[in-house]
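Student: Can you read through this structure? Questions will come right after.
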Amino acid sequence: MSATQQVSSRDPKTVKAGTYKVDPHHTQVIFSISHLGFTNFSGFFSGASGTLQLDPSNLSVSKLEVSIPVSSVLTTVSVLDDQLKAVQVFDVEKYPNATFTSTTVTPIGEDRATITGNLT
């Protein structure tokens with residue numbers, strides 16, 4: 001099943017159950033890393049793909065799987081980008097994608113949840 005909807009409300013009762021595809025043009029994975037405890041570098045990955053199987057009436061049965069091309073890493077420092085892609089960190093030649101697969105979805109409010117899973 002594929003569901004399409006425009007988000008006009010944060011009310012979970014208005015969200016339809018179904019399987020949603022991750023839109024690679026509107027999805028970014030954002031991160032921050034510490035550099036020797038003195039400064040933080042922020043960056044993001046783009047080009048994500050995957051699916052969200054969503055049941056708003058029973059979030060605990062929902063599932064998320066997202067894959068990102070690691071070579072899409074982008075920070076404000078091109079030298080750091082190259083270092084992150086290299087063998088010592090991500091080794092994008094050997095491991096071109098990072099994938100997150102949820103193991104549990106825990107509601108933490110009316111319109112929020114904590115998603116726990118495995119990152120490979």
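Student: Report, in deg cm²/dmol and to the nearest 500, the calculated mean residue ellipticity at 222 nm for the chain, where each DSSP H run with n ≥ 4 adds -39500 (n - 2.57) and the sum is divided by the residue count.
Tutor: Values: 1 runs with 8 residues, N = 120.
Only helices count here, giving -2000 deg cm²/dmol.
Student: Given 0.36 nm per residue, what is the gain on full extension from THR51 to LYS16 after removing their alpha carbon distance, in nm?
Tutor: Result: 11.1 nm gained on full extension.
Student: Evaluate the relative contact order of region 17-119 (contact order divided by residue number), counting alpha-carbon pairs under 8 angstrom at least 6 apart; express in whole percent.
Tutor: On the way: 201 pairs, mean separation 22.5, N = 103.
Normalised by residue count, the contact order of region 17-119 is 22 percent.
Student: What ³J(HN,Hα) values, in whole Hz, does the Karplus curve 6.51 cos²θ - 1.76 cosθ + 1.60 give for region 48-57 when θ = phi - 60°, with x put for Gly and Pro?
Tutor: Coupling constants for region 48-57: 5, 9, x, 9, 10, 9, 10, 10, x, 7 Hz.
Student: When we measure straight from the Cα of LYS94, which lysines land under 20 angstrom away, once same-chain ones fewer than 8 places off are left out?
Tutor: LYS85
Student: While we're on this one: If amide hydrogens are placed 1.01 Å from N in the peptide plane, which non-local residues have theirs closer than 5 Å to the one on SER62?
Tutor: ASP55
Student: Give me the distance between the Cα centres of region 29-55 and region 90-120, rounded to whole Å.
Tutor: 11
Student: Moving to a separate point now. Using the Karplus curve 6.51 cos²θ - 1.76 cosθ + 1.60 with θ = phi - 60°, what ³J(HN,Hα) values do you get for each residue of region 67-75, in whole Hz, with x for Gly and Pro?
Tutor: For region 67-75, the Karplus-derived couplings read 10, 10, x, 5, 5, 7, 3, 9, 10 Hz, x marking Gly and Pro.
Student: Using per-residue counts of other Cβ atoms within 10 Å, averaged over each peptide, order 91-104, 47-60 from highest down. Walk me through the numbers on the way to the answer.
Tutor: Working: 91-104: 13.3, 47-60: 15.4.
Ranked from most to least packed, the peptides come out as 47-60, 91-104.
Student: Quote the FRET efficiency, to the nearest 0.05, computed for ILE33 versus ASP111 with a Förster distance R0 of 25 Å and r equal to the Cβ-Cβ distance.
Tutor: My answer for the efficiency is 0.25.
Student: ³J(HN,Hα) across region 82-93 via Karplus (A = 6.51, B = -1.76, C = 1.60, θ = phi - 60°), whole Hz, x for Gly/Pro?
Tutor: 5, 5, 5, 6, 6, 4, 5, 10, 8, 6, 4, 5
The numbers here are math on the coordinates, done by the rules we state, and not lab data. All values derive from a computational prediction rather than experimental measurement. With ideal geometry, Cβ positions are generated from the backbone for all residues, glycine too; neighbour counts draw on all protein chains shown.
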